[in-house]
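Below is one structure, written out as structure tokens; comments come after it.
Here, each number is a calculation from the coordinates, and none is a lab measurement. Small disclaimer: the values here were computed from a predicted structure and weren't measured. Heads up, the Cβs are rebuilt from the backbone with ideal geometry, glycines too, and the neighbour counts pull from every protein chain shown.
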Amino acid sequence: MYQCGGAVYARQVDERQFFTERPEQRTARLQCPRCRRTNEYQVRWIRRTKKHQLPPGADERDRALFAKSKDHLIRVDDEVTCATCRKRFEIPSYQSMIYLENLEGLPKEDYDE
């Protein structure tokens, strides 16, 4: 807690401080809505791996959030350019975040890094 002009404010910990972030590229098979051709595209993601301990200055609310948080991927790219017709199209938003425990094909030893 800190004081500013007579008011007392609680210092909050940002959720990003719970994780170690690392950029990653994954291949996705997407269909262009204009030409209807399916191709493979490199999509950028950020891998967020949970840290082993809470950051300093955490309160009870932060402890509860930290206990519930899991390792996950967050998609960075929203659009790709079609390899056939060269038009940009939006990546479907149903998979903008993926928990690593639900990710198929990822070896178990990659979870611990």
* Structure fact -> Averaging 1/r across every pair of distinct alpha carbons in the stretch 15-112 and inverting yields a Kirkwood hydrodynamic radius, in angstrom, of 15.5 Å
* Structure fact -> Whole-Hz Karplus couplings 3J(HN,Hα) for the stretch 14-29, θ = phi - 60° and coefficients 6.51, -1.76, 1.60, Gly and Pro as x, run 6, 4, 5, 6, 7, 10, 9, 9, 9, x, 8, 10, 10, 8, 10, 9
* Among Cys32, Tyr99, Ile46 the positive-end extreme of the charge dipole of the stretch 15-112 (Cβ point charges) -> Cys32
